[in-house]
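Read-outs: derived from the displayed coordinates by stated rules, not from any lab. Predicted, not measured: the structure shown is a model, and the values here were computed from it. Note that each Cβ is placed from the backbone with ideal geometry, even for glycine, and that neighbours are counted across all protein chains shown.
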Amino acid sequence: MDFSATIPVKSASSSSLGCSSFFSVSQTHNSSSKSHLFNFFHVMPKFHRNSLFKSLKCIQSPKLGSLPSNPSSFSCSAGTLSPTQIAHLPPRKLSALIEEFQSLLDPIDRVKLLLHYASLLPSLPDSSRTDSNRVMGCTARVWLDAQMDSEGNIRFWADSDSEITKGFCACLVSVLDGAAPAEVLSLKTEDLAALNVGLPGGERSRVNTWHNVLVSMQKRTRVLVAQKEGKAPFEPFPSLVITAEGFQPKGAYAEAQARYLFPDKLKVEELVKVLKEKKIGVVAHFYMDPEVQGILTASQKEWPHIHISDSLVMADSAVKMAKSGCKFITVGVYRMSSERIGCSLADAAATPDYMNYLDSASNLRPSLHVIYINTSLETKAYAHELVPTITCTSSNVVQTILQAFAQVPDLTIWYGPDSYMGANIKELFLQMTLMSDEEIAEIHPKHSTDSIKSLLPRLHYYEDGTCIVHHLFGHEVVEKINEMYCDAFLTAHFEVPGEMFSLAMEAKRRGMGVVGSTQNILDFIKQRVQEALDRNVDDQLQFVLGTESGMVTSIVAAVRSLLDSSKSTSRTQINVEIVFPVSSDSMTKTSTSASPVKMGDFTVPVVPGVASGEGCSIHGGCASCPYMKMNSLSSLLHVCHHLPDERNNLKAYETERFKLQTPRGKPIADVGCEPYCI
């Protein structure tokens, strides 16, 4: 078997369309066999062309606006390449592309070259400009189509309604069209970092097109390979599609979540009435029971002293409510459960092993213990008597640590008890050492590359504490996200395992992800939806929710608010899909024998999931915290109706821990109010 190739080259300054620059290669058994179109075009530097190829011939490009039904319909002749050279063509072509752009010193010339590439890319027919072929995360609209040819190589076609973005697509197609699947999948987004096309820093969102189109190419390649090998595709995760008209749940778990987006009006009226009469404020976490969140979200329209957020904003909101005249704050002074609500992180910090960890800290001065908010008041107070302790949340943990190191340069910090978050924080700081001083100063003005490098050996974290919910975002889930959702927007809480954290950080670098607190995740989703609305074109956005699924209530409320506000000014159709990852480890034992509930045209079991194979329910599993779900609507109403508690009916709901004392005899509430001193 021999190989032949023709590399017609059109100079960047040429205005003739008689000779298109595309790379044609054939794999033949004899000289009469027809060639296979390998790339639509490829422009190479003059020195590179002369050193590798001696025989060049101009051949006609395929008809614009059409996809070749038979990829072997183009003739080919010229110099011979060995099979070894053919196998390494994508890396060679990428290197040549990088060299070509880098050889042009003037940024304007590089932009002109990019636009030249755009002019050579055939337009996609309308039949390929479908929503399923859209590439997410690009400022302009981008379409990508892919097929596998008879030789098992991958063929790509792309187009955009922006000439700059079209140039990006053209360059990637020039490198990967006709490549073997392994070659497509081996290319990393970092490999594109050296491509400098002359765009100013403000065009970073367009540069992310390199990465997002590449990731979409790789996703389509995996699908084509699986189809060829006869592999059954992954079952999709349950999801909820939000539109201006309503919701479309996919999967029993999503259907149950959607059910509570239509709260009982009588319950809403009952709650609002008692809150107003008794001046009660309610602060609730994003992870709480979906029924409670649905009722509270609807009640917010009638009573302003209701707030659903992450831990940090909850605390700030409670203080504001007290200042504004609320006599009682539910959750804080009174819980929404008569039972003790546990937490795997709080349990980890209450062990002798954690106290031994703090003993080590107390022997090294100066030391600071940074403890996660998801721990008990007793643990915080006991720890403070061993080593100065400050509480953080996922919203402020990075700034807290950086500020402490800035104020005390020789400080040693001991973080706990969340092992995943501790490892992720350390990895984040490691990545910061690769940033410039200017970039680091944007994160914290008192730090530089040198200071970040110096603090790393003095940052310790506890290694035996995990959140049972975020632990579910392990290898199995990451593998499925890579397979099915790698081109979606990816959100991840700081508490997820390292593999999920790395995946989300990679997505973040190309503008497709966020890593942080639940509030950070909500803000990211709102920002991307608003950007889609501002573009004023139909769009479909898909978000993988890398945290507790209870967040969907607040996400739906925020997205619907944005979509509703644009109805009067725009006719565009924006669909927002929230995907709930499922781990096989999340099998719940909750009974599914409860009576089904009629919702619209379908019937939803009260506790769905397990029977349908999703392995989760609204009471646990499927990234749903069973502890948070112990906060119930019935308890909330019971507490509200019995306030003020003149007959001692609410003793089971009181936060008795405030009255406990530390080993040194101090009330733990008083210790929590002490300023820390190192």
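Observations on the model:
- For LEU637 and LEU115, a Förster radius of 60 Å and the Cβ-Cβ distance give a FRET efficiency of 0.40, rounded to the nearest 0.05.
- Ranked by how many other beta carbons lie within 10 Å on average, peptides 242-252, 504-514 from highest: 504-514, 242-252
- Linear extension gain, GLU385 paired with MET435, 0.36 nm per residue minus alpha-carbon span: 14.2 nm
- In terms of the mean number of neighbouring beta-carbon atoms within 10 Å, the peptides 453-464, 517-528 order highest first as 517-528, 453-464.
- Mean Cβ neighbour count within 10 Å, used as a protection proxy, ranking 272-285, 640-653, 139-152 highest first: 272-285, 139-152, 640-653
- Taken along the Cα-to-beta-carbon direction at a fixed 7 Å, the label points for LEU456 and SER565 span 4.1 nm.
- Reported to the nearest whole Å, the Cα centre-to-centre distance from region 354-373 to region 382-452 is 15.
- Shape of region 442-499, Cα gyration tensor, a/c cut at 1.5: oblate
- For VAL142, residues with placed amide H under 5 Å, excluding near neighbours: VAL135
- The label-point distance for SER150 and ARG129, in a model that sets each label 7 Å from Cα toward Cβ, rounds to 3.2 nm.
- Extension gain for the segment LYS279 to ASP534, taken as residue separation times 0.36 nm less the Cα-Cα distance, is 87.8 nm to one decimal.
- Once the chain from ASN649 to LYS301 is taken as fully extended at 0.36 nm per residue, the excess over their C-alpha distance is 122.3 nm.
- Note that region 399-415 has calculated 3J(HN,Hα) couplings of 5, 4, 5, 5, 5, 5, 5, 5, 6, 10, x, 9, 5, 10, 10, 10, 9 Hz, one per residue in order, obtained from phi through the Karplus relation 6.51 cos²θ - 1.76 cosθ + 1.60 (θ = phi - 60°); glycine and proline are x.
- For HIS307, the amide hydrogen comes within under 5 Å of the amide hydrogens of VAL282, VAL283, ALA284, counting only partners 5 or more places away or on other chains and with H modelled in the peptide plane.
- Estimated vicinal HN-Hα couplings, Hz - region 518-523 in sequence order (Karplus 6.51, -1.76, 1.60; Gly, Pro = x): 4, 5, 4, 5, 4, 4
- Label-point separation, ASP523 to ALA558 (7 Å along Cα→Cβ), nm: 0.9
- The phi-based Karplus calculation (6.51 cos²θ - 1.76 cosθ + 1.60; θ = phi - 60°) puts the 3J(HN,Hα) values of region 486-497 at 5, 9, 8, 6, 10, 10, 8, 6, 4, 8, 6, x Hz, whole numbers, x for Gly and Pro.
- At R0 = 30 Å, FRET efficiency that the Cβ-Cβ distance of ARG365 and ARG340 yields, to 0.05: 0.25
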